[in-house]
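The next block holds one structure in the form of structure tokens; read it before the comments.
The values are calculated or read from the model by the stated rules, or taken from the named source; none is laboratory data. The structure displayed is predicted, hence computed values, not measured ones. In this analysis, Cβ positions are derived from the backbone assuming ideal geometry, glycine residues included, and neighbour counts consider all displayed protein chains. SASA here: full protein model, heavy atoms, side chains in, ligands and nucleic acids out. Shrake-Rupley method; radii C 1.70, N 1.55, O 1.52, S 1.80 Å.
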Amino acid sequence: MADIFLRLGVTLVAFMVIIGHLLWLSILPQIDCSADGSELWRALFWMAPLTLTFALLLLVSRKLPSIVQSIKFACVPVALLLPLALYGILPTLSASSIGGQPICAEVAGYTSLLWERSWAPAQLFLVFVIAVQVWRYWRMAAKQAEAKRLGQP
């Protein structure tokens, strides 16, 4: 019984962390740089390994078809947020990673750092991993539903 609750909890938390990260990526283009510079981008950069870990843990409930079937609809908001997250990443990719400009170019005296040049590629990689994992989760749910419909164990 504890195994079921652990798998359910990990899957739910994984979806919450992924949705939170994608929401943050989606709203980032509307946020101007403050006097502090690129603190929001830096926080999101250092949050990426945590989100990646949870994205990889998304399939931890695969052995429990009832959990997979009940949570599979959490894939829908993730799928809807993926293009919006890309909309937040791509301008930074062209400006900072390719163009070499700092993320907060409008702040006087601010220079580009290594993490700023790697921010967009890291976020793109993370969005790709999330997309693959969510697709795998949805496909796993579909296969389990098909097996149940056909009467296979």
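Quick check: anything in region 91-105 at pLDDT 85 or above and under 17 Å from HIS21 (Cβ atoms)? Talk me through it step by step, then tell me what you get.
Of the residues in region 91-105, the ones at pLDDT 85 or above are none.
Within region 91-105 (the criterion being at pLDDT 85 or above and under 17 Å from HIS21 (Cβ atoms)), the answer is no, since none of the residues qualifies.
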Determine if region 126-142 includes at least one residue that is of a type in the set (Gly, Ala, Ser) and at pLDDT below 85.
yes
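Here's the yes/no breakdown for (1) in contact with a helix residue (DSSP H, G or I) (Cβ under 7 Å, 6 or more places away or on another chain); (2) more than 14 Å from VAL134 (Cα to Cα); (3) open to solvent by less than 70 Å² (accessible area, probe 1.4 Å):
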position	(1), (2), (3)
LEU6	no, yes, no
ALA14	yes, no, yes
GLN30	no, yes, no
ALA43	no, yes, yes
TRP46	no, yes, no
PRO49	no, yes, no
ALA74	yes, no, yes
From the list ILE18, ILE4, exactly one residue is under 19 Å from ILE89 (Cα atoms) and not in a strand (DSSP E or B). Which is it?
ILE18
